[in-house]
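Below is one structure, written out as structure tokens; comments come after it.
The values are calculated or read from the model by the stated rules, or taken from the named source; none is laboratory data. This structure is a prediction, so every number in the text was calculated from the model and none was measured. Heads up, the Cβs are rebuilt from the backbone with ideal geometry, glycines too, and the neighbour counts pull from every protein chain shown. Surface accessibility is based on the protein's heavy atoms, side chains included, excluding ligands, DNA and RNA. Shrake-Rupley method; radii C 1.70, N 1.55, O 1.52, S 1.80 Å.
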Amino acid sequence: MPETTRPLPTDDPTQVAAFEARIAAGESIEPKDWMPERYRRQLTRMMSQHAHSEIVGMLPEGNWITRAPSLRRKLSLIAKVQDEAGHGLYIYCGTETLGVDRFDLYNQLLDGTAKYSSIFNYPTLAWADMGVIGWLVDGAAIVNQTILAKTSYGPYARAMVRICKEENFHKRQGYEICMTLAKGTPAQREMLQDAVNRFWWPSLMMFGPSDTHSPNTAELLKWRVKRKTNDELRQRFINLTVPQAQELGITLPDPDLRYNAETKNWDFGTIDWSEFQEVIAGNGPCNRERLEARRAAHDEGRWVRDAAAAHAAKRSQATAAA
Ligand code: BYC
């Protein structure tokens with residue numbers, strides 16, 4: 001039975017109290033430290049979903065590598081997609097420090113039982129989508145991950161510090177594409193506006209359900225895995241992004257977006273949570289296509305795994321014989 005579905009053992013209350021005192025004191029929890037099984041389980045869930053998101057997240061942008069408009073754009077897009085593969089592998093490594101096997105986790109992605117970020121189930125229809133993904137999707141990821149860099153689990157926090165550095169570069173690269181299109185021909189501006197119209201609301205959904213409908217937040221805040229709620233981070237993202245949209249001279253597709261001088265926040269309209277629920281239930285525009293692409297890549301890569309295993313076996317035989 002995979003580790004993540006086994007029944008939870010009962011934790012010793014004294015150990016739980018000592019653990020929670022460490023969390024309250026702001027200490028970092030490291031792989032060999034004692035931790036409640038539920039903490040381990042929550043981190044495994046969150047980190048594996050995050051790793052899967054990076055790997056599936058390569059697909060929408062990978063779709064445009066062959067059609068990038070110049071050599072410079074192609075090189076930077078290839079580098080971005082490679083970075084995402086690196087982030088995925090890095091976070092799978094982090095997840096293994098919790099005592100799980102990445103192949104079990106990966107199989108949960110392939111058999112459709114694991115979640116990954118809703119945003120990657122939307123199609124990339126035009127070159128402007130590459131700019132908008134960098135600007136909005138990586139922008140949202142940075143807001144979420146900068147806070148996760150202070151999470152209580154040491155390996156995850158350290159992974160986030162490193163990953164955020166690269167995400168910042170991705171965001172600048174995306175914003176620069178948007179700026180070029182915004183200063184371009186009317187057709188380029190229209191392409192940019194259309195991409196923003198399609199990606200704005202799904203980017204807000206990346207932060208997860210509203211706090212009143214988020215079953216995991218309270219426990220994750222208690223253990224300082226999360227340091228801010230979904231709604232707090234969503235609001236922060238909106239506040240940061242509206243001035244950037246104004247700078248580009250494009251319209252965000254929300255007639256209710258208004259600056260509130262009292263709260264110093266940008267108030268926004270109602271998110272279509274039924275769309276979000278459909279996407280995370282596997283019924284978004286590209287869910288099936290994304291999983292099929294990952295399954296095909298897994299099958300086509302079988303010979304690499306077999307060759308690596310055979311090579312490792314041969315080396316260990318040679319070492320034993322020496
Ligand atoms: N999509 O209780 P809640 C990237 C699920 S990759 C799908 O609020 P939690 C990038 C949630 O898992 C971005 N599912 O959960 C890569 C839970 O379901 P389960 C990925 C979602 O954990 C390439 C249920 O809804 N980033 O940055 O407290 C290119 C209830 O939610 C989503 C991370 O993974 C969603 N959007 O909070 C560019 C960061 N939202 O598991 C960029 C780490 C919620 O109970 N993760 N669900 O069945 C987190 O920060 C948190 O897990 C979340 C959700 C804020 C995502």
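Worth pointing out:
- Some residue of region 141-150 being β-branched (Val, Ile, Thr), open to solvent by less than 30 Å² (accessible area, probe 1.4 Å), over 17 Å from GLY88 (Cα atoms) and away from the ligand (no atom under 12 Å from the Cβ): no
- Residue in region 15-29 that is over 21 Å from GLU292 (Cβ atoms), part of a helix (DSSP H, G or I) and within 16 Å of the ligand (Cβ to nearest atom) present: no
The rows are residues; the columns are (1) part of a loop (DSSP other than H, G, I, E, B); (2) open to solvent by less than 40 Å² (accessible area, probe 1.4 Å); (3) at negative phi.
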| site | (1), (2), (3) |
| --- | --- |
| LYS226 | yes, yes, yes |
| ASP231 | no, no, yes |
| ASP256 | yes, no, yes |
| GLU262 | yes, no, yes |
| TRP303 | no, no, yes |
| GLN317 | no, no, yes |
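- Scanning region 241-257 for residues that are free of Cβ contacts under 8 Å to residues at least 24 places away in the same chain and either within 16 Å of the ligand (Cβ to nearest atom) or within 28 Å of PHE19 (Cα to Cα) (or both) turns up nothing.
- Answer residue from region 55-84, given it is open to solvent by 60 Å² or more (accessible area, probe 1.4 Å) and touching a residue at least 24 places away in the same chain (Cβ under 8 Å) and is farthest from the ligand (Cβ to nearest atom) among those: PRO69
- Given (1) farther than 24 Å from TRP223 by Cα; (2) among the small types (Gly, Ala, Ser); (3) in contact with a helix residue (DSSP H, G or I) (Cβ under 8 Å, 6 or more places away or on another chain), number of the condition GLY99 does not satisfy: (1)
- Taken over region 33-47, the residue count meeting the criterion of being in a helix (DSSP H, G or I) and closer than 10 Å to TYR153 by Cβ is 6.
- Hits in region 110-140 - residues which are within 7 Å of the ligand (Cβ to nearest atom), charged (D, E, K, R) and part of a helix (DSSP H, G or I): ASP138
- Number of positions in region 42-70 that are touching a Leu at 6+ places or on another chain (Cβ under 7 Å) and of a type in the set (Lys, Arg): 0
- Take the conditions (1) open to solvent by 40 Å² or more (accessible area, probe 1.4 Å); (2) away from the ligand (no atom under 11 Å from the Cβ); LEU181 misses just one of them, which is (1).
- Looking across region 198-218, just one residue is in contact (Cβ under 8 Å) with a residue 60 or more places away in the chain, within 19 Å of the chain's Cα centre (by Cα), near the ligand (Cβ under 8 Å from one of its atoms) and part of a helix (DSSP H, G or I), and that is MET205.
- Any chance ASP299 is within 30 Å of GLN42 (Cα to Cα), of a type in the set (D, E, K, R) and over 19 Å from the mean Cα position of the chain (by Cα): yes
- Tabulated pairs, region 96-123, first among the hydroxyl-bearing types (Ser, Thr, Tyr), second open to solvent by 70 Å² or more (accessible area, probe 1.4 Å) and more than 10 Å from the ligand (Cβ to nearest atom), C-beta under 7 angstrom, 6+ apart or interchain: TYR122/PRO285
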